[in-house]
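**Q** Below is one structure. I have some questions about it.
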Amino acid sequence: MTGIPTFATPPSFLGLQRNDRAAAYTVAGIPLDIGVTNRPGARFGAQAIRQASRMLVDGAHPHSWIDPAALPVADIGDFEIALGDLAGSLALIEQQAAVCTHLLALGGEHGITLPLLRALNRREAAPGLVHFDAHVDTWPDSFGQAYGHGSPFFHAIRENLVDPHRMIQVGIRSPVQREVWDWTLAQGVTILTAQDVHELGPAMVAERIRIVTGNGPTYLSFDIDALDPAFAPGTGTPEIGGLASWQVQAILRRLQGLRFVGMDVVEVAPPYDVSEITALAAATVVWEYLSLVAR
């Protein structure tokens, strides 16, 4: 090994020293968690993901043999939010995301995905969606809050921001009202529960994702609670029975060739993390994504 040791790497994503909003790929933190329904703390997620990403800088990706840090990627820092104002924050996020060519967003709560999709639709109308999560996030509201973190895909479908027939949810397993489940399926969404993933295996899950999303533009939204709490304790709404880290890696590595146009990883809440394992899992998802789009 040569160069800077991992512990001394600058605390940006992958130690990147570029801050160029015109870069081919831009990483931005979105420190918002005022729409959560259980434990807060995801506002600190982006900085934890950046810190943990230093574990990924001392070599190439062992599957693609690409070094994601060598790609035209810039960490542009954190987006501005409107303190204590959820609607105002969502508007600011959309405005800032709209100028990014290919955004990789570090959350923050899952509610940030809605303005990211609104911004994306200015250039890619109604993309497909690959959504890893323990929760369907298609509730009409979150305990009376219309734009809470349990509702982004209800609004995204209603606003035609995604094509629900090209939308697949992976890892779902939380309690959910039957009418919410039935509404989601009725829109054309494909749901693979965590149990489905365990029984089918990564190769068949990846093939199902390919069939659903097809060849069109596709967005990846990864809620870290798709992982079992054994692999990601640092999140606000943990659910048992989830995916293992190796399953996620194995699925993602089989998705090369999909036309991804943006992604987010959300709901990392460092106050509940253990030895950075949640933050490292989230950083690795972004690293895997960069390896995919580079190929």
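The values are calculated or read from the model by the stated rules, or taken from the named source; none is laboratory data. Model, not experiment: these values are computed from the prediction. Cβ: placed from backbone, ideal geometry, glycine included. Neighbour counts: every protein chain shown.
**Q** Would you mention how many residues in the range 95-141 are in contact with a Ser or Thr (Cβ under 8 Å, 6 or more places away or on another chain), under 27 Å from residue 182 (Cα atoms) and part of a loop (DSSP other than H, G, I, E, B)?
**A** Summing the residues that are in contact with a Ser or Thr (Cβ under 8 Å, 6 or more places away or on another chain), under 27 Å from residue 182 (Cα atoms) and part of a loop (DSSP other than H, G, I, E, B) in the range 95-141 gives 10.
**Q** List the number of the failed condition for residue 45; all other conditions in (1) touching a Leu at 6+ places or on another chain (Cβ under 6 Å); (2) part of a helix (DSSP H, G or I); (3) small (Gly, Ala, Ser) hold.
**A** All conditions pass for residue 45, except number (1).
**Q** Okay, moving on. Residues that are in contact (Cβ under 8 Å) with a residue 12 or more places away in the chain, hydrophobic (A, V, I, L, M, F, W, C) and on the phi < 0 side of the Ramachandran plot: find the strands (runs of 3 or more DSSP E) completely inside the range 146-250 holding 3 or more of those. Let's see the steps before the verdict.
**A** On the way: elements: 167-172, 190-193, 217-223.
Hits in the range 146-250: 167-172.
**Q** Quick one: which residue in 81, 66 is touching a helix residue (DSSP H, G or I) at 6+ places or on another chain (Cβ under 6 Å), at pLDDT 95 or above and part of a loop (DSSP other than H, G, I, E, B)? Working first, answer last.
**A** Details: 66 fails: at pLDDT 95 or above.
When all the criteria are applied, what remains is 81.
**Q** Filter the range 124-152 down to the residues that are of a type in the set (A, V, I, L, M, F, W, C) and touching a strand residue (DSSP E or B) at 6+ places or on another chain (Cβ under 7 Å) and list them by number. Please lay out each step first, then the result.
**A** First, pick out the residues of the range 124-152 that are of a type in the set (A, V, I, L, M, F, W, C): 125-126, 129-130, 132, 134, 136, 139, 143, 146.
Listed by number, the residues that qualify are 129, 130, 132, 134, 136.
**Q** Can we say residue 203 is over 22 Å from residue 113 (Cα atoms) and surrounded by fewer than 14 Cβ atoms within 10 Å (Cβ to Cβ)? Give the steps one after another, and end with the answer.
**A** Values: over 22 Å from residue 113 (Cα atoms): yes; surrounded by fewer than 14 Cβ atoms within 10 Å (Cβ to Cβ): yes.
When the stated conditions are applied, residue 203 passes them.
**Q** I need the full set of residues from the range 251-295 which are assigned to a helix (DSSP H, G or I), over 17 Å from the mean Cα position of the chain (by Cα) and at pLDDT 95 or above, in order please. Walk me through it before giving the result.
**A** Step one: filter the range 251-295 for residues assigned to a helix (DSSP H, G or I), giving 251-252, 270-272, 277-294.
Still in the running and over 17 Å from the mean Cα position of the chain (by Cα): 271-272, 294.
The answer is 271, 272.
**Q** Identify all residues within the range 1-42 that are at negative phi and part of a helix (DSSP H, G or I); write none if there are none.
**A** Matches in the range 1-42: 6, 7, 8, 13, 42.
**Q** Looking at 115, 140 in this structure, which one is under 29 Å from residue 233 (Cα atoms), over 16 Å from the mean Cα position of the chain (by Cα) and not aromatic (Phe, Trp, Tyr)? Spell out the reasoning first.
**A** Values: 115 fails: over 16 Å from the mean Cα position of the chain (by Cα).
After ruling out the rest, the residue left standing is 140.
**Q** Can you say whether residue 152 is surrounded by 14 or more Cβ atoms within 10 Å (Cβ to Cβ), over 23 Å from residue 242 (Cβ atoms) and at pLDDT 95 or above, as far as the supplied structure shows?
**A** Working: surrounded by 14 or more Cβ atoms within 10 Å (Cβ to Cβ): yes; over 23 Å from residue 242 (Cβ atoms): no; at pLDDT 95 or above: yes.
Answer is no for this residue.
**Q** Does any residue of the range 211-220 turn out to be farther than 30 Å from residue 80 by Cβ, surrounded by 15 or more Cβ atoms within 10 Å (Cβ to Cβ) and either of a type in the set (Ser, Thr, Tyr) or within 17 Å of the chain's Cα centre (by Cα) (or both)?
**A** Checked against the condition, which is being farther than 30 Å from residue 80 by Cβ, surrounded by 15 or more Cβ atoms within 10 Å (Cβ to Cβ) and either of a type in the set (Ser, Thr, Tyr) or within 17 Å of the chain's Cα centre (by Cα) (or both), the range 211-220 yields at least one hit.
**Q** Now for a separate question. Considering only the range 69-123, state which residues are out of contact with any strand residue (DSSP E or B) (no Cβ under 6 Å at 6 or more places or on another chain) and on the phi > 0 side of the Ramachandran plot.
**A** Within the range 69-123, 77, 84 meet the criteria.
**Q** Could you tell me which numbered condition residue 179 fails, if it satisfies all but one of (1) closer than 19 Å to residue 220 by Cβ; (2) out of contact with any helix residue (DSSP H, G or I) (no Cβ under 8 Å at 6 or more places or on another chain)?
**A** If we test residue 179 against (1) closer than 19 Å to residue 220 by Cβ; (2) out of contact with any helix residue (DSSP H, G or I) (no Cβ under 8 Å at 6 or more places or on another chain), just (1) comes out false.
**Q** Within the range 182-200, how many residues are among the polar types (S, T, N, Q) and surrounded by 20 or more Cβ atoms within 10 Å (Cβ to Cβ)?
**A** At the first step, the residues of the range 182-200 found to be among the polar types (S, T, N, Q) are 184, 187, 190, 193, 195.
Going one step further and asking which of them are surrounded by 20 or more Cβ atoms within 10 Å (Cβ to Cβ), we end up with 184.
Total satisfying the criteria: 1.
**Q** Taking interchain pairs and intrachain pairs at least six residues apart, which have beta carbon atoms under 6 angstrom, with the first residue in the range 17-28 and surrounded by fewer than 19 Cβ atoms within 10 Å (Cβ to Cβ) and the second β-branched (Val, Ile, Thr) and part of a strand (DSSP E or B)?
**A** So the pair list comes out as 19/76; 21/76.
**Q** Is there any pair with a first residue in the range 86-107 that is crowded, with 23+ Cβ neighbours inside 10 Å and a second that is assigned to a loop (DSSP other than H, G, I, E, B) and at pLDDT 95 or above whose Cβ atoms are under 7 Å apart and which are 6 or more apart or on different chains, and what are they?
**A** Between residues of the range 86-107 that are crowded, with 23+ Cβ neighbours inside 10 Å and residues that are assigned to a loop (DSSP other than H, G, I, E, B) and at pLDDT 95 or above, the close pairs are 89/32; 89/81; 89/82; 93/79; 107/267.
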